[in-house]
Amino acid sequence: MTTTNIHNLTRSTDDVVIVGGGLAGLFCALKLAPRPVTLISAAPLGQGASSAWAQGGIAAAVAEGDGPEAHAADTIAVGGGIVDKAVALGIAREASQRINDLLAYGVPFDRDLEGRLAVGREAAHSARRIVHVRGDGAGAAIIAALSDAVRRTPSIRLIEGFVAEALATEDGAVTGLQLREAGNFLARPTMIASRAVVLATGGIGHLYAVTTNPAEASGSGLAIAARAGAVIADPEFVQFHPTAIMAGRDPAPLATEALRGEGATLINGNGQRFMAAQHPLAELAPRDIVARGVFAEIAAGRGAFLDARDALGARFAGKFPTVHASCIATGLDPATQPIPIAPAAHYHMGGIAVDDRGRSSIDGLWAGGEVSSTGAHGANRLASNSLLEAVVYAARIADDIAGGAIPSPTRLPDVVVTPRGGAPDAAAIKRLRTMMSAHVGVIRDSKGLEEAMRSFAALEREATSVVVRNMATTALLVAASAWTRCESRGAHFRADHPTDVPELAQRTMTTLAAAREVADSLIEHPMPRIAQSMIA
């Protein structure tokens, strides 16, 4: 790996340009070696990626008696009827190979006494198939190992401290990327000409007031693709992790689902378990059901807590050191005290629509990881499938790029958005995040979604900061699709449409133009109308 000063970068490059230093970006860069790659990371390598914070692990049918077909069946069962079954099975079948890749890159997955990969069970899995690292440290260990591998790879050129804020396109194809120094909002942008761009920029969690995601997960990748005309899939489906630790921190620390897999229970302030009345699997029910159960207890004033005293007790620190440290930092001992929790924005099932090779609707633009939508998760992601999807599609993208000729850039593209960025308005960002949590969160309804759309549409038009405009763009896409889907399905719950509608058991395919059409209709018509282009 070589670290490049942006000012010394050749602005036209035959390199594949990868945006994002999380799991998908790092893995794709390594799989492309020895082909030249320019890897752009807003934060120092290994930081600022949601995948580095993942505690659960990677789902893979590697244990005796388990198989890809069973893994795919579990994925489909929790996906709200819109999982692409072929995609789910394909990912499950590639899991073992990708785990072996990660082992080769130095990831120290836990092993049992006989030296086999140790596997745990998480919510809605029918078998123990989650591979971990030191219980709850999988994400950090994987990112550390891949970062080291990237640093040892001479074909990868790293640019740190720059954010992508726009895509340049011509005749429906990518021609380049606009970057700006992270945090230096008055700096002039830098343009890179490239005919091959991979977006691996992560999710949208930081659009919400309560989230487990880092600040970098603000939906920028989704926004720049949408602004360039890319088709966006399933943006309304946002998964809320039911057990974020309420300690007054932003982002909120996560209490991994694996705790419930080990027997921890959910109780209210009266000490009563409440999930058994909600679902036969109780604490191990699908995440959307558990999140709504927790939300209801909090809304009723009883509070919600994760109780691991009987299941783990004194073993807590050794079994789940990351969660233990987060609790101790807040003055709480989880071995002897219940942990106060609340649902938090955690994972986006929607994203840039991609095919089975990771290709978007724009020529020369691929997307992998949480910024993409493959159809694997449907309306509700199965626990620990996200890291698996990221490595599977990162490898497929690398294979797809390696197998085809990419034309060299002909010229440096023009600046796409304002050459002078404004500093983000902190008050506007706070309003947006509060609005997303209040009206586009765990429970939604028409009135709240309409208020949110009006706010986001106005902010997108009027924002002087590219950062704020991109946040508003993604927020508008989520809200407009949530308003359009007049039913409850998976992680999308409408209080005014609380049941699923069989005729709507299909994925959403939309564009930014369609979302704007819905928002504009709020002004033009007393009752908003569904944009025809938002109907799948």
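The values are calculated or read from the model by the stated rules, or taken from the named source; none is laboratory data. If you're wondering where the values come from, they're calculated on a predicted model, not measured in any experiment. Every residue, glycine as well, gets a Cβ built from its backbone with ideal geometry; the counts of neighbours run over all protein chains shown.
Here the helices (runs of 4 or more DSSP H) wholly within the range 251-339 that include at least 2 residues being in contact (Cβ under 8 Å) with a residue 60 or more places away in the chain, closer than 19 Å to residue 122 by Cβ and not hydrophobic (A, V, I, L, M, F, W, C) are 258-261, 287-299, 321-329. Checked against (1) buried (at least 19 other Cβ atoms within 10 Å of the Cβ); (2) in contact with a Ser or Thr (Cβ under 6 Å, 6 or more places away or on another chain); (3) of a type outside the set (Lys, Arg), residue 422 passes all but a single condition, namely (1). Only residues that are surrounded by fewer than 19 Cβ atoms within 10 Å (Cβ to Cβ), aliphatic (A, V, I, L, M) and at pLDDT 95 or above were counted in the range 96-126, giving 2. Based on this model, can you work out whether residue 145 counts as in contact (Cβ under 8 Å) with a residue 40 or more places away in the chain, assigned by TED's automatic domain parsing to the domain that holds residue 58 and either over 18 Å from residue 63 (Cα atoms) or surrounded by fewer than 20 Cβ atoms within 10 Å (Cβ to Cβ) (or both)? Answer is yes for this residue.
Rundown of residues vs (1) farther than 17 Å from residue 222 by Cβ; (2) of a type in the set (Lys, Arg); (3) surrounded by 24 or more Cβ atoms within 10 Å (Cβ to Cβ); (4) in contact (Cβ under 8 Å) with a residue 40 or more places away in the chain, yes/no style:
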{"site": "470", "(1), (2), (3), (4)": "no, no, yes, yes"}
{"site": "473", "(1), (2), (3), (4)": "no, no, yes, yes"}
{"site": "476", "(1), (2), (3), (4)": "no, no, yes, yes"}
{"site": "490", "(1), (2), (3), (4)": "yes, no, yes, yes"}
{"site": "509", "(1), (2), (3), (4)": "no, no, no, yes"}
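Going residue by residue through the range 397-420, is there one that turns out to be modelled with pLDDT of 95 or more, under 22 Å from residue 479 (Cβ atoms) and among the aliphatic types (A, V, I, L, M)? Taking every residue of the range 397-420 in turn, none turns out to be modelled with pLDDT of 95 or more, under 22 Å from residue 479 (Cβ atoms) and among the aliphatic types (A, V, I, L, M). Can you tell me how many residues within the range 261-275 are over 14 Å from residue 337 (Cα atoms), surrounded by 15 or more Cβ atoms within 10 Å (Cβ to Cβ) and either in the same structural domain as residue 57 (by TED's automatic domain parsing) or at pLDDT 95 or above (or both)? The number of residues fulfilling the criteria is 2.
Residues checked against (1) buried (at least 18 other Cβ atoms within 10 Å of the Cβ); (2) under 30 Å from residue 505 (Cα atoms); (3) assigned by TED's automatic domain parsing to the domain that holds residue 91:
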{"residue": "292", "(1), (2), (3)": "yes, yes, no"}
{"residue": "302", "(1), (2), (3)": "no, no, no"}
{"residue": "310", "(1), (2), (3)": "no, no, no"}
{"residue": "376", "(1), (2), (3)": "yes, yes, yes"}
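Applying the criterion of being in contact with a Gly (Cβ under 6 Å, 6 or more places away or on another chain) and modelled with pLDDT of 85 or more to the residues of the range 129-140, the residue that is surrounded by the fewest Cβ atoms within 10 Å (Cβ to Cβ) is 132. Per the conditions (1) modelled with pLDDT of 95 or more; (2) outside any helix (DSSP H, G or I); (3) over 19 Å from residue 351 (Cβ atoms), the sole criterion not satisfied by residue 506 is (3). Restricting the range 457-466 to residues that are modelled with pLDDT of 90 or more and surrounded by fewer than 22 Cβ atoms within 10 Å (Cβ to Cβ) leaves a set whose member that is nearest to residue 220 (Cα to Cα) is 465. Please verify whether the range 134-141 includes one or more residues that are in contact (Cβ under 8 Å) with a residue 40 or more places away in the chain and at positive phi. The answer is yes, given that some residue of the range 134-141 is in contact (Cβ under 8 Å) with a residue 40 or more places away in the chain and at positive phi.
Report those strands (runs of 3 or more DSSP E) wholly inside the range 153-229 carrying at least 2 residues which are touching a Pro at 6+ places or on another chain (Cβ under 7 Å), of a type outside the set (S, T, N, Q) and at positive phi.
none
Looking across the range 387-422, the residues that are closer than 20 Å to residue 139 by Cβ and not hydroxyl-bearing (Ser, Thr, Tyr) come down to 387, 388, 389, 390, 391, 392, 394, 395.
Regarding residue 124, is this residue aliphatic (A, V, I, L, M), outside the structural domain of residue 284 (by TED's automatic domain parsing) and without any contact (Cβ under 8 Å) to a residue 60 or more places away in the chain? No; evaluated as a whole, the condition is false for this residue. Right, residue 90: part of a helix (DSSP H, G or I), modelled with pLDDT under 95 and either loosely packed, with under 15 Cβ neighbours inside 10 Å or not basic (Lys, Arg) (or both) or not? Here the answer is no, as residue 90 does not meet what is asked.
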